[in-house]
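The structure under discussion appears below in the form of structure tokens.
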């Protein structure tokens, strides 16, 4: 798999549905979050020791605190207290226009309802690809672009997109309480050597991957072995809670060791990671600190490049939604790249090119220091090969209509002052793109190039919390401590009342 969704929905056949069709959804849940596990179709588990177990169709039951199932036609049983995640599949028929998320989030031992999932998800539209039979959740672009001054481009691989009758079909939808402004949607259709993969970097530059090297080791600063969690893109996601360590530090620290080719000057780090769901929720929490001054702050960011640049610099310092990549050199740890965030529901593979010319020997060591609760990591790997040439065709939409039949094609063509606006939950549009003829002997990968921003639906009332805002702005790691305090309060408030 090139990528998987993380945080709430790690494996997705999460499908939007319109006009009363059947919807199939697979969610990864904490066992405590399945209120009536006997009524769910449990299709697999991830155990606390990191084992992935997929069950045969049907026949899975929950009795007396344990799961009984068949695995390759053989009986299987495991106690629920040994299960880290349940994989739950539901099939349902919708008679309404949009089905929201029916899932829960893994945040320690908290039991969280589906309504809270939607409330905590604070970023960007959802993109659904037509796979020949149904629309499949496939991209989550321009996360973190919370006002026009932060509008940005995004490049997402559309893993599930398939042509039908000469066209690619997409659906874009708003599923959360925010107004989304989409400036541009176009496809980058890439034909390439079938022996390679093509992965984008943050800026839309395409890189070929043909000789991935998995990490030799991955260790947390405490010595905890993370290699089982970070060596492959799979169902094992390392997503620490927003909890400080025993000394009150909110920073995790992980050192990844890779094999290094002698004489290599550059390495393409392929990272599959995303913003954690709690980190996504903290966007809203920090904006709410501005109270009635929120609109004034938006106006400053929108009108002043220096204000926006200061926000970017703060984000790099705090590493909440962008992560520094340190490379070990003879002089010590040096920052040689920045890894962007994304999601929180879909983790994209991203390439970050690193200068490794100063690294001696046959090993490359990379360090990351993520704030706890803000990141979810699936896998890391490196490739030292040179990029091969690929054929890229930019394809604009031929048709774009809302679910009410209104054309929004003009709003989605070209970077300008015209936007397709989605102010309400359930707003959506359908797009068709002509599919270029396939090229013999070549493999095809399709990327969505999108551009836009969004505004959360906040009241913007009350006095601003200037003391907390000043602390977050001026003190390193104060934002992560703020998030940890909010997390602790949420956990206390979520505990069942004792009788």
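The values are calculated or read from the model by the stated rules, or taken from the named source; none is laboratory data. Since the structure is predicted, the reported quantities are computational estimates derived from the model, not experimental observations. Neighbour counts run over all protein chains shown; Cβ positions are idealised from the backbone, glycine included.
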For this session: Please indicate, with yes or no, whether at least one residue in the stretch 307-330 is out of contact with any strand residue (DSSP E or B) (no Cβ under 7 Å at 6 or more places or on another chain), within 26 Å of residue 363 (Cβ to Cβ) and either without any contact (Cβ under 8 Å) to a residue 60 or more places away in the chain or surrounded by 15 or more Cβ atoms within 10 Å (Cβ to Cβ) (or both).
Result: yes
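Please determine, by comparing only the residues of the stretch 449-498 that are in a loop (DSSP other than H, G, I, E, B) and in contact with a strand residue (DSSP E or B) (Cβ under 8 Å, 6 or more places away or on another chain), which one is modelled with the highest pLDDT.
477
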key: Verdict on residue 215 being closer than 19 Å to residue 369 by Cα and either part of a loop (DSSP other than H, G, I, E, B) or without any contact (Cβ under 8 Å) to a residue 60 or more places away in the chain (or both)   = yes
Query raised in the report: Does the stretch 339-349 include one or more residues that are modelled with pLDDT of 95 or more, touching a strand residue (DSSP E or B) at 6+ places or on another chain (Cβ under 8 Å), loosely packed, with under 14 Cβ neighbours inside 10 Å and part of a strand (DSSP E or B)?
Result: no
Taking the stretch 143-174 and the residues there that are under 30 Å from residue 305 (Cα atoms) and assigned to a loop (DSSP other than H, G, I, E, B), the one that is nearest to the chain's Cα centre (by Cα) would be 143
Can you find even one residue in the stretch 431-445 that is touching a helix residue (DSSP H, G or I) at 6+ places or on another chain (Cβ under 9 Å), part of a loop (DSSP other than H, G, I, E, B) and in contact (Cβ under 8 Å) with a residue 12 or more places away in the chain? no
Taking the stretch 49-88 and keeping residues touching a residue at least 24 places away in the same chain (Cβ under 8 Å), surrounded by 15 or more Cβ atoms within 10 Å (Cβ to Cβ) and not in a strand (DSSP E or B) leaves 80
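Those residues that are in contact (Cβ under 8 Å) with a residue 60 or more places away in the chain and either assigned by TED's automatic domain parsing to the domain that holds residue 341 or assigned to a loop (DSSP other than H, G, I, E, B) (or both), I need them from the stretch 191-204; list them, please.
Step one: of the stretch 191-204, the residues in contact (Cβ under 8 Å) with a residue 60 or more places away in the chain are 191-194, 196-202, 204.
Hits for the stretch 191-204 are 193, 194, 196, 201, 202, 204.
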Per the list (1) more than 28 Å from residue 483 (Cβ to Cβ); (2) in a loop (DSSP other than H, G, I, E, B); (3) modelled with pLDDT of 95 or more, residue check on residue 263 breaks on (3)
(request) Might you let me know whether the stretch 177-190 holds any residue that is surrounded by fewer than 20 Cβ atoms within 10 Å (Cβ to Cβ) and outside any strand (DSSP E or B)? (result) yes
Every listed condition ((1) crowded, with 16+ Cβ neighbours inside 10 Å; (2) more than 21 Å from the chain's Cα centre (by Cα); (3) assigned to a helix (DSSP H, G or I); (4) in contact (Cβ under 8 Å) with a residue 60 or more places away in the chain) holds for residue 281 save (2)
Is there a residue being closer than 30 Å to residue 208 by Cβ, in contact (Cβ under 8 Å) with a residue 12 or more places away in the chain and exposed (fewer than 15 other Cβ atoms within 10 Å of the Cβ) anywhere in the stretch 398-408? yes
